[in-house]
Every structure is written in C-alpha cells, then in structure tokens.
Amino acid sequence: MEPTTLAADWITIGTGFGSDLKTLIFTILIPVLCGIFIVVVGLKTRAPGPTLMAVIFAGIVLGLSLSIDTIGETTSDTVDQYNDGGGGDFVQGDQ
C-alpha cells in the first residue's frame, strides 16, 4: 500500500479554485459592477454630466481590470530590466 499525501491534493484544489475565482472576478464581476454603477448614478442623478463621468470612470476601471495580466507582465519586465541594467549591486539612485 502506497502512502497518500492529502495536503498536496488540497493545495492543488485551492490553487485551481483561486485561479478560477480571480478569472471570475476580473472578467465577469467587475464588468457587471461597472454596469450597475453607471445605471445607479444615472438613475440617482438624472443628469447627463455625472452619468457621463460615471461612464468614463467605469470604462477606466473596466479597461484596467481586463488588462491586468498585461500590466503585470510589463511591470515585471521593467523591474527585471532595472535590476539587471544597473551593473552590479549598486543601483543608481541608491546611496
């Protein structure tokens, strides 16, 4: 009889659930909340100015949430380039 490690299975399940939950939040929940935000602001104010600002704000939030992977990769590349391009342990600006 072979020993079974139950913790590894739970960790795998938790990791998969976390990844699915992140995808669910960024691709479904945030766009739905942006739409609800626009509708609520429009109904509460009944004015085009605040509703237009709500649309712009929701568009910015939605755009950033849908491009979070690209932003993360770009930030990671920038940090790696900054760390590798300094020439040794001395980073310019740190004294």
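Each value in this text was obtained by applying a stated rule to the coordinates, not by laboratory testing. Quick caveat, the model's predicted, so the values are computed rather than measured. Here the Cβ is made from the backbone with ideal geometry for all residues, glycine too, and neighbour counts use every protein chain on show.
For the reader, a short list of remarks on this structure follows.
- Ranked by how many other beta carbons lie within 10 Å on average, peptides 31-44, 68-81 from highest: 31-44, 68-81
- Alpha-carbon Debye profile of segment 19-78, log10 I(q)/I(0) at 0.12, 0.17, 0.19 Å⁻¹: -0.37, -0.63, -0.72
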